[in-house]
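The next block holds one structure in the form of structure tokens; read it before the comments.
The values are calculated or read from the model by the stated rules, or taken from the named source; none is laboratory data. Small disclaimer: the values here were computed from a predicted structure and weren't measured. No Cβ is skipped: glycine too gets one built from the backbone with ideal geometry, and neighbour counts run over all protein chains shown. Keep in mind that these areas ignore ligands, DNA and RNA; they rest on the heavy atoms of the full protein, side chains included. Shrake-Rupley method; radii C 1.70, N 1.55, O 1.52, S 1.80 Å.
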Amino acid sequence: MKTRATVSLVLAAALSLAACAHHKPSPENPPDNPPGEPTPPQPEPGDVPAVPLKQPPPMHLVVQARGDTPLVSLRLVFHTGSIDDPKGKEGLTALTAKLMAEGGTQQLTAAQLLEALYPMAAELKVFTDKEMTTLSGRVHQDFLPAFLLLFTDTLLQPRFDPAEFERLRANALNAVRNGLRSEDDETLGKVGLDALLYAGHPYAHFTGGTVQGLQSLTLEDVKAHARRVFTQDRLVIGLAGPVDANLQQTITSRLSALPAKGAPRVELPTVKSSAGRTLILQKPTLSTAVSMGFVTPMRRGDPDFFPVAFALSNLGEHRQFIGVLFNELREQRGLNYGDYAYAEHFIEDRGNGTFNRTNLVRTQQDVSIWLRPVVPANGVFATRGAVYFLERMSKEPLTQERFDLVRGFLQGYTRLWEQTDQRRLGYAIDSLYYGTPNFLDAYRSALTTMTPQSVQAAVKRQLQPEKLALVFVTEDAQGLAQKLKSGAPSPITYASPKPPELLKLDEIILQQKLPVRPDAVQILPAAEFMER
């Protein structure tokens, strides 16, 4: 999907590539390409090349057997996501997965499928991200044979009912037109940040699709796409609970009926730097939502990943009261409901706590900070506050007392991330693609050797505020753009008295330099966002 807001970014990327084309290699470092072929563009500072993920063997089995539970968990992770949506058909992968999981089987209509699952109290869910689609199920072992047939039939014998296709496509269109654009400024800001950071890249469009992309889809598109991407060579099978050899053999045998090989994988391009770019999504709203971030070559397995994750947890773990941003912006200044920071792309695993979803594996990751909506008058000040506290971590190490507090919190909190079979399977499957076995154990082990100084050093290497791009959702877009471009101080007033030390810090924050390029501030009506 291309928004109007991203057009100039694509042009900028094209100009950057053109500049690279004039780069001449030194005689000491000759190019690797054969004589006569053009020299490939070289990455520029801030660019993030696509380093391929590891690829597990087809239908690789991940088994976490345990006999202390009667519940069987099944987790099928396909290496396909919205990056596989053909141009002009954005939303195809998500709609295909939804129709297969919820649209019934050859034997059962969608309604009959629900009726069959109900007496089992079974769970069947599907989720599509940029590069991964996960079909998960859970059932008591007493119902396993019957459930296993239903679970696998959604993939092997989907009904592809025309009425269900139209119903689910209408839901998807409604999710863009009314849900994303109108009802959820927080998610709109996050999706806007994706569009800004990944302009011209397959990650740029909303995973659920665009309006014109969804309108163009046909049932035949869905049927063909299912054969292209839901294939053996893209599948990892996860099993947990009372799992025996018979179950492993049964599910492997049934899923061997999937097509053996899918379409060639999408080759992801280098992501160009978006540093200093700002997108303002304009809509009628009483508040201003703020998202900021940058694409990073750092992902799980990078030596800096754990200390950076530590630093951003200190800044603001999702929905946790311990974070610096939460305390400084919400508790002490009353600016909003909460403020959080993430070392990799974050989508809340609703229904399983406040944790990040598993199986959001991405070739190119992003660091982000999210401020829940503030009153418009405080939008710039709150943004400056977030940047100030981010930058402060590189200027001075955490106190030993604060460091010990965050470390103790994470030693326990990371245990909660793996409290269900589905989440443990998710982490184990993620590790296949990142090459990070026993990821959470490795995190807890790394915590024992970190120091305030080692965290600060990683922050200096990885979290420079000048890399940030910013997205705002607000009504007075022109007024906000003018404030951002001017760089003028953004004073704040309070309805109640504040301590002198807080007001003294405010005098610094209100002048904090924002990483905003005045020539790269763009305004887009939210009503046009994700149109095509």
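When you check G323 against the structure, is it without any contact (Cβ under 8 Å) to a residue 40 or more places away in the chain, within 14 Å of V406 (Cβ to Cβ) and of a type outside the set (S, T, N, Q), yes or no? The answer is yes for G323.
Restricting attention to the stretch 220-239, the residues that are under 25 Å from R254 (Cβ atoms) and part of a helix (DSSP H, G or I) add up to 11.
If only residues of the stretch 122-153 that are open to solvent by 80 Å² or more (accessible area, probe 1.4 Å) and more than 30 Å from the chain's Cα centre (by Cα) are counted, the one that is nearest to V229 (Cα to Cα) is L149.
Scanning the stretch 383-410 for residues that are in contact (Cβ under 8 Å) with a residue 24 or more places away in the chain, of a type outside the set (K, R), part of a helix (DSSP H, G or I) and open to solvent by 20 Å² or more (accessible area, probe 1.4 Å) yields Y388, E391, S394, Q400, L405, F409.
If you go through the stretch 463-499 and keep only what is of a type in the set (A, V, I, L, M), assigned to a loop (DSSP other than H, G, I, E, B) and closer than 28 Å to A526 by Cα, you end up with L468, A488, I492.
For (1) modelled with pLDDT under 95; (2) in contact with an Asp or Glu (Cβ under 9 Å, 6 or more places away or on another chain); (3) small (G, A, S), each residue gets a yes or a no:
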residue: A442; (1), (2), (3): no, no, yes
residue: K467; (1), (2), (3): no, no, no
residue: T493; (1), (2), (3): yes, no, no
residue: R517; (1), (2), (3): no, no, no
residue: P525; (1), (2), (3): no, no, no
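Would you check if there is a residue in the stretch 411-419 being in contact (Cβ under 8 Å) with a residue 40 or more places away in the chain, over 23 Å from N356 (Cα atoms) and in a helix (DSSP H, G or I)? Checking the stretch 411-419: not a single residue is in contact (Cβ under 8 Å) with a residue 40 or more places away in the chain, over 23 Å from N356 (Cα atoms) and in a helix (DSSP H, G or I). Per the listing G213, G208, the residue uniquely buried (at least 18 other Cβ atoms within 10 Å of the Cβ) and in contact with a strand residue (DSSP E or B) (Cβ under 9 Å, 6 or more places away or on another chain) is G208. When G192 is tested against (1) touching a Gly at 6+ places or on another chain (Cβ under 6 Å); (2) closer than 17 Å to E531 by Cβ, just one condition goes unmet, and that condition is (1). Within the stretch 288-319, the residues that satisfy the criterion of being in a helix (DSSP H, G or I), open to solvent by less than 10 Å² (accessible area, probe 1.4 Å) and in contact with a Phe, Trp or Tyr (Cβ under 7 Å, 6 or more places away or on another chain) are L312, L315, G316. In the stretch 78-98, the count of residues that are polar (S, T, N, Q) and either at pLDDT below 95 or surrounded by fewer than 23 Cβ atoms within 10 Å (Cβ to Cβ) (or both) is zero. On inspection, R277 fails the criterion of being closer than 21 Å to E186 by Cα, open to solvent by 10 Å² or more (accessible area, probe 1.4 Å), charged (D, E, K, R) and free of Cβ contacts under 8 Å to residues at least 60 places away in the same chain. Residues in the stretch 352-374 that are touching a Lys or Arg at 6+ places or on another chain (Cβ under 9 Å) and more than 24 Å from L432 (Cβ to Cβ) were compared, and the one that is surrounded by the fewest Cβ atoms within 10 Å (Cβ to Cβ) is T354. May I ask you to verify whether L447 is in a helix (DSSP H, G or I), within 27 Å of E331 (Cα to Cα), more than 24 Å from the chain's Cα centre (by Cα) and aliphatic (A, V, I, L, M)? Spelling it out, it is not the case that L447 is in a helix (DSSP H, G or I), within 27 Å of E331 (Cα to Cα), more than 24 Å from the chain's Cα centre (by Cα) and aliphatic (A, V, I, L, M). Looking at the stretch 328-342, is at least one residue under 13 Å from the mean Cα position of the chain (by Cα), in a loop (DSSP other than H, G, I, E, B) and over 30 Å from P497 (Cα atoms)? No. Where the second residue is among the small types (G, A, S) and open to solvent by 10 Å² or more (accessible area, probe 1.4 Å) and the first is under 22 Å from Q141 (Cα atoms) and lies in the stretch 230-251, which pairs have Cβ atoms under 8 Å and are six or more apart or on separate chains? Qualifying pairs under 8 Å: G238/A428; L239/A65; A240/A65; G241/A65; P242/A65; P242/G67; V243/A65; D244/A65.
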